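Below is one structure, written out as structure tokens, with a few remarks after it.
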Amino acid sequence: MKPASEHFDAIVVGAGPAGITAAKHLGQDGFKVLVIDQKKEIGSNVQCAEFVPLVISRHAMLRECDIAQQVHGIKTFINDELVNTLRAPGYVLNRGLWEQNLAQKAEAAGVSFRNATRVVDIEGKVVSVLKGTQLSQISAEYILGCDGPRSIISKKLGNVPQEMCAALQYEMLLAKPLEAAAIYFDAAYYGGYAWAFPKGKSANVGVAVHDSYKDQLKTLLADFCQKLIKRQVIQAEAGLATTGGLIPAGGLVACMANEHMLVAGDAAGCTHPITGAGIMNAVVSGHLAAMAVTMHLRSQGRDPAGKNYTQALLAEYGIRFAVASDRLVTRNQGWTNNQEEFTALIRRSWIAFPEYYAQQ
Ligand SMILES: Cc1cc2nc3c(=O)[nH]c(=O)nc-3n(C[C@H](O)[C@H](O)[C@H](O)COP(=O)(O)OP(=O)(O)OC[C@H]3O[C@@H](n4cnc5c(N)ncnc54)[C@H](O)[C@@H]3O)c2cc1C
């Protein structure tokens, strides 16, 4: 590997919510920070249904324009029957706008961004990046892997590929306004569920299934849309936008950090194994990562970022995700076409039901 041409206090790989949050805090703490992302534009082509709990405001400031709609809760349907309405107020975001604003705040704190640039390798503190056909090397005292579900940094830390769900989503025009987010369980969606999250006049309508069933996504989503059209939830128009992607379902990765590298957000498995929610966890883990790296850099490495960060992440998510992973494994093993048994299975494995919390 060639010697590095530039040196930073911290390099953040990935400009999603985890990476931008971490970079902003490190910039505000006075460090020289570079964020690298393979996307041409921050906030473009977000792979997300954009639902966040209201309490995200404790961790991230939202402007009015960042919120597409506020919802009062989540309705759960099993086998097409409404079985629960959970009072869990939240927002459906204009996530792209929010991320762009977050990046502007990071830039204002002195952070540099390099877009359309892919990290292809890491050796020690040296990062190899590819921009077009040009390969170059950049180094940093600390490298933060906020590079999503297929993280190159997680792999470098020795983690094996995680359990994943695959998702496909259309933005559809609504037939009438919806006040709640809706989740649909059906035996056809093995390992996952379908959803309709309203954004004013439209909604993010999608299906997620276990990764091994990803070939069925297009058909499943078409059928789900037909069902919603019949019920006059959405209009029979073509989708306004299409997105999709992978959602980690394996819980926290085994190794979250070492002495010069850590992972945050999806790269660290900070996505709730049962719900697939990862936006707020990306923000929280990005902030925790920045705090640990700040202590590390200020103490010239005497305060071990890796150990402090791992402890913080385990304290935040360890027990919650272990419970969720346990419910996920039991649910997927017991998946059944028998409607009564399926309903009972979902009640034991979905966060809206008391049965989820009642087990050991
Ligand atoms: C279809 C779908 C729907 C979802 N819906 C919700 C939801 O409603 N609510 C919720 O809370 N969560 C949802 N999630 C999960 C949520 O999107 C993620 O948990 C969240 O985006 C994680 O943020 P992050 O910053 O860790 O990673 P990401 O947002 O994935 O950002 C990672 C960034 O790293 C960049 N990158 C990756 N590799 C490299 C590389 N080698 N070099 C340079 N750059 C790189 C990528 O371009 C990307 O910008 C959904 C996920 C999917 C796929």
Q: State whether the residues of region 152-166 include one that is buried (at least 24 other Cβ atoms within 10 Å of the Cβ) and under 28 Å from P89 (Cα atoms).
A: yes
**Q.** The lone exception for V33 - which of (1) at pLDDT below 95; (2) in contact with a Ser or Thr (Cβ under 8 Å, 6 or more places away or on another chain) it fails
**A.** (1)
Q.
Please go through (1) assigned to a loop (DSSP other than H, G, I, E, B); (2) closer than 26 Å to Y142 by Cα; (3) hydroxyl-bearing (S, T, Y) for T275 and return the number of the only condition it doesn't satisfy.
A. (2)
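With respect to I56, determine if the residue is of a type in the set (V, I, T), in a strand (DSSP E or B), within 15 Å of the ligand (Cβ to nearest atom) and in contact (Cβ under 8 Å) with a residue 40 or more places away in the chain.
On the way: of a type in the set (V, I, T): yes; in a strand (DSSP E or B): no; within 15 Å of the ligand (Cβ to nearest atom): yes; in contact (Cβ under 8 Å) with a residue 40 or more places away in the chain: yes.
Criteria not met by I56.
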Q | Restricting region 1-26 to residues that are outside any strand (DSSP E or B) and surrounded by fewer than 24 Cβ atoms within 10 Å (Cβ to Cβ), the residue that is farthest from the ligand (Cβ to nearest atom) | A | P3
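Please find, among A268, A257, A282, A289, the residue that is of a type outside the set (D, E, K, R), within 7 Å of the ligand (Cβ to nearest atom), under 27 Å from R302 (Cα atoms) and surrounded by 24 or more Cβ atoms within 10 Å (Cβ to Cβ). First the steps, then the outcome.
On the way: A268 fails: within 7 Å of the ligand (Cβ to nearest atom); A257 fails: within 7 Å of the ligand (Cβ to nearest atom); A289 fails: within 7 Å of the ligand (Cβ to nearest atom).
Only one candidate passes the filter, namely A282.
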Q.
Filter region 295-306 down to the residues that are surrounded by 14 or more Cβ atoms within 10 Å (Cβ to Cβ) and without any contact (Cβ under 8 Å) to a residue 24 or more places away in the chain and list them by number.
A. M295, D303
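Does region 29-52 hold any residues that are farther than 25 Å from T294 by Cα and surrounded by 15 or more Cβ atoms within 10 Å (Cβ to Cβ), and which are they?
Of all residues in region 29-52, those farther than 25 Å from T294 by Cα come to 38-41, 43-52.
Result: Q38, K39, G43, V46, Q47, C48, A49, E50, F51, V52.
So how many residues does region 313-360 have that are among the acidic types (D, E) and either part of a loop (DSSP other than H, G, I, E, B) or touching a helix residue (DSSP H, G or I) at 6+ places or on another chain (Cβ under 9 Å) (or both)?
Kept after step one, since they are among the acidic types (D, E), are these residues of region 313-360: 316, 326, 340-341, 355.
Now restrict to residues that are either part of a loop (DSSP other than H, G, I, E, B) or touching a helix residue (DSSP H, G or I) at 6+ places or on another chain (Cβ under 9 Å) (or both): 316, 341, 355.
The total comes to 3.
Going by the structure shown, is Q28 over 15 Å from the mean Cα position of the chain (by Cα), at pLDDT 95 or above and farther than 24 Å from S151 by Cα?
On the way: over 15 Å from the mean Cα position of the chain (by Cα): yes; at pLDDT 95 or above: yes; farther than 24 Å from S151 by Cα: yes.
Yes.
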Q.
The conditions are (1) touching a helix residue (DSSP H, G or I) at 6+ places or on another chain (Cβ under 9 Å); (2) closer than 20 Å to V160 by Cβ, and A254 fails exactly one of them. Which is it?
A. (1)
Q) When residues of region 172-210 are filtered for being within 22 Å of A344 (Cα to Cα), charged (D, E, K, R) and surrounded by fewer than 19 Cβ atoms within 10 Å (Cβ to Cβ), how many remain? A) 0
Q: Could you pull out the residue among I78, I42 that is over 22 Å from the mean Cα position of the chain (by Cα) and under 27 Å from L246 (Cβ atoms)?
A: I78
Q. Is there a residue in region 304-312 that is within 11 Å of the ligand (Cβ to nearest atom) and not in a loop (DSSP other than H, G, I, E, B)?
A. no
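What strands (runs of 3 or more DSSP E) completely inside region 70-186 contain at least 3 residues that are within 16 Å of the ligand (Cβ to nearest atom) and touching a strand residue (DSSP E or B) at 6+ places or on another chain (Cβ under 6 Å)? It would help to see each step written out before you state the result.
Numbers: elements: 74-78, 81-86, 90-93, 112-114, 118-123, 126-131, 134-145, 164-173, 181-185.
Counting at least 3 such residues, we get 74-78, 90-93, 112-114, 118-123, 126-131, 134-145, 164-173, 181-185.
Just the residues that are part of a loop (DSSP other than H, G, I, E, B) and either within 12 Å of the ligand (Cβ to nearest atom) or in contact with a Lys or Arg (Cβ under 7 Å, 6 or more places away or on another chain) (or both), please, taken from region 192-208.
First pass over region 192-208, keeping only residues part of a loop (DSSP other than H, G, I, E, B): 192, 200-201.
Matches in region 192-208: G192 only.
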(Q) For region 211-243: of the residues being surrounded by fewer than 19 Cβ atoms within 10 Å (Cβ to Cβ) and in contact with a helix residue (DSSP H, G or I) (Cβ under 9 Å, 6 or more places away or on another chain), which is farthest from L314 (Cα to Cα)? (A) A236
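Name the single residue, out of those in region 130-145 being surrounded by fewer than 16 Cβ atoms within 10 Å (Cβ to Cβ) and hydroxyl-bearing (S, T, Y), that is farthest from M261 (Cα to Cα).
Ranking the qualifying residues of region 130-145, first place goes to T133.
The values are calculated or read from the model by the stated rules, or taken from the named source; none is laboratory data. Because the structure is a prediction, the values reported are computed rather than measured. Cβ sites come from the backbone with ideal geometry, for glycine too, and all protein chains shown count toward neighbours.
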